[in-house]
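Trainee: I'd like to ask you about the structure that follows.
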């Protein structure tokens, strides 16, 4: 990923002034289609996420959740439709979007031959952080990886790699965070850390879009929950309108095979 930033601090990027300057929608998706050959994974999807909102996407495997996140992160290009992140066109201004987005997905974007410390140092230089070493040290300590700082990444456990990938995603304090199943490979202790990071980020104005298979976790982490099925949003509701039983019923009716 190409990711460089100017001298303006990322902390400034998630203040209320940013919301006012760039509008109330940090993520806008209109008429989004994505096809792989004859297979259409996203089918005219429409979605908007407010500045500072925590949006959770539920859906069965193959519903298009990962594809949507990869398009928002500019890792994939849409077949049709348009995407704006922080008011930027994700296709024509992809590099600008990458500077402002943190992404955690199934691919860790870590270099296996580098140590945990070296990975964060590398990304810190890419983002032109003023103190990449200090930031890396704080994140390694916060995510319980300080004793693995000098360990090659490809020898770390899956859970440790997931935590290191999370550190990479938030290293530059992005105003928008995209998390694809952040709970994968994490035990309850570290999942609570993800919860705290998402909550603290929202309090600072960060917008978070994440996917999960856990109904309970979606209510813990989200301000709003949507269901994606058949490449379209089939349900959307505020967290206050839902409980686990209701959400289970919703998912049963909205994640059956699309016709």
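Here, each number is a calculation from the coordinates, and none is a lab measurement. This one's a predicted model, so the numbers in the text were calculated from it and none came from an experiment. Methodologically, a virtual Cβ is constructed for each residue, glycine included, from the backbone with ideal geometry; neighbour enumeration extends over all protein chains shown.
Trainee: Within 10 Å of each residue's Cβ, count the other Cβ atoms and sort 48, 189 from fewest upward.
Mentor: Fewest-to-most Cβ neighbours within 10 Å comes out as 189, 48.
Trainee: When the C-alpha atoms of segment 26-133 are aligned to their principal axes, what extent does each axis show, in angstrom, from largest down?
Mentor: Taking the Cα atoms of segment 26-133, the three principal extents are 43, 29, 26 Å.
Trainee: Given 4 °C and 1.567 mPa s, compute D for segment 82-171 with the Stokes-Einstein relation, Rh being the Kirkwood radius over Cα pairs; round to the nearest whole µm²/s.
Mentor: 95 µm²/s
Trainee: With the alpha-carbon atoms as the only input, what is the per residue convex hull volume for segment 153-226 in Å³?
Mentor: Cα-based convex hull of segment 153-226, divided per residue, equals 86 Å³.
Trainee: In addition: Kindly provide the Kirkwood hydrodynamic radius of segment 121-259 in Å, to one decimal, from all pairs of distinct alpha carbon atoms.
Mentor: 16.8 Å
Trainee: Let me ask another. Counting only C-alpha contacts under 8 Å and six or more residues apart, can you give the relative contact order of segment 157-259 as a whole percent? Write out the running numbers ahead of the final one.
Mentor: Numbers: 97 pairs, mean separation 21.6, N = 103.
Rounded, it is 21 percent for segment 157-259.
Trainee: Grab every C-alpha pair in the chain, bin the distances at 10 angstrom width from 0 up to the longest one, and report whole percents.
Mentor: Binned Cα distances yield the sequence 7, 31, 37, 21, 4, 0.
Trainee: Just to be sure I understand: with springs between alpha-carbon atoms less than 10 Å apart, which residue in 173, 220, 240 has the highest mean-square fluctuation in the Gaussian network model of the chain?
Mentor: Answer for the Gaussian network model of the chain: 240.
Trainee: With a Förster radius of 30 Å, plug the Cβ-Cβ distance of residue 93 and residue 196 into 1/(1 + (r/R0)^6) and report the FRET value to the nearest 0.05. Walk me through the numbers on the way to the answer.
Mentor: Details: r = 32 Å, r/R0 = 1.06.
Computed FRET efficiency for residue 93 and residue 196: 0.40.
Trainee: Given the peptides 32-39, 232-239, 59-66, arrange them by the average over their residues of other C-beta atoms within 10 Å, most packed first.
Mentor: Put in order of decreasing packing, that is 59-66, 232-239, 32-39.
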